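Reading through the structure tokens given below for one structure.
The values are calculated or read from the model by the stated rules, or taken from the named source; none is laboratory data. Just so it is clear, the model here is predicted, and its values are computed rather than measured. Note that each Cβ is placed from the backbone with ideal geometry, even for glycine, and that neighbours are counted across all protein chains shown.
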Ligand code: NAP
């Protein structure tokens, strides 16, 4: 059985690690190629876009793929939609592996918004010093905000427009609550902006913001394709594959 794992996440690497080397299973992990020095999964890896749904269809056929696990980041909505469309048209099963989103708890001051543009509108009415922790993509939605100062953290430098007053910090998680608290204090942050990425490795910023009673603008995930089959752990994805072998 040959499986394509659409990756770029810790869960995708975890699944590749579990499945690589199992008898009767061959895996290929796919990375978009956005990050300059990606953490590579176990087993075979290909890098770069497929060329839309058509390109992905051709690639799946040419490589005799029997099943696809879409283990991309919860905000990689285009890739998830392409995987679903290509799988449906070829009759190949597609599983979407999505880690659970974060949940608001006591003491949190979250403002949930549907997308990055709405986050920028919300931020415009909040404090002067903003921690933009949304990764490299989407930062340009804040480029017109000239009243506030932004701390922008990402793995690689953002491309596109930037707000006039900003500092860029290049860093890759996991981060500790102590690190995040220090950053909030040092930069005198008044508002945090984050995607609802979920997972442990970048959750410390939420605890640090809670402890300092900061408002947190939380961008909701894009929806999964209609009728998507989903699991939320690499172990459950492994079980789904096992039932198909
Ligand atoms: P996206 O908007 O859903 O996808 C845009 C295009 O990038 C896709 O149409 C596809 O190009 C290509 N692509 C995306 N994921 C790919 C993969 N795993 N393998 C091959 N091609 C891929 O995706 P994105 O939000 O830019 O994310 C890109 C990658 O970064 C994903 O692998 C994702 O897991 C990872 N990532 C994203 C975020 C985030 O916040 N969005 C955070 C952490 C990691 P073609 O149409 O040419 O096939």
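What to note about this one:
- Remark: residue 77 matches the filter, which requires a residue to be surrounded by fewer than 20 Cβ atoms within 10 Å (Cβ to Cβ), within 7 Å of the ligand (Cβ to nearest atom) and not assigned by TED's automatic domain parsing to the domain that holds residue 197.
- Residue list for segment 21-46, filter: more than 17 Å from residue 60 (Cβ to Cβ) and either within 8 Å of the ligand (Cβ to nearest atom) or crowded, with 19+ Cβ neighbours inside 10 Å (or both): 33, 34, 35, 41
- Residue in segment 59-66 that is in contact with a strand residue (DSSP E or B) (Cβ under 6 Å, 6 or more places away or on another chain) and either surrounded by fewer than 14 Cβ atoms within 10 Å (Cβ to Cβ) or not assigned by TED's automatic domain parsing to the domain that holds residue 233 (or both) present: yes
- Within segment 118-141, being over 20 Å from residue 198 (Cβ atoms), out of contact with any helix residue (DSSP H, G or I) (no Cβ under 8 Å at 6 or more places or on another chain) and not in a strand (DSSP E or B) holds for 121, 122, 124, 125, 126, 127, 128, 139, 140.
- Matching option when the condition is assigned by TED's automatic domain parsing to the domain that holds residue 75 and touching a helix residue (DSSP H, G or I) at 6+ places or on another chain (Cβ under 9 Å), among 159, 233: 233
- Test: residue 18 is over 20 Å from the mean Cα position of the chain (by Cα), crowded, with 19+ Cβ neighbours inside 10 Å and more than 9 Å from the ligand (Cβ to nearest atom): no
- Residues of segment 205-223 satisfying the condition of being farther than 15 Å from residue 109 by Cα and either in contact with a helix residue (DSSP H, G or I) (Cβ under 6 Å, 6 or more places away or on another chain) or at pLDDT below 95 (or both): 222
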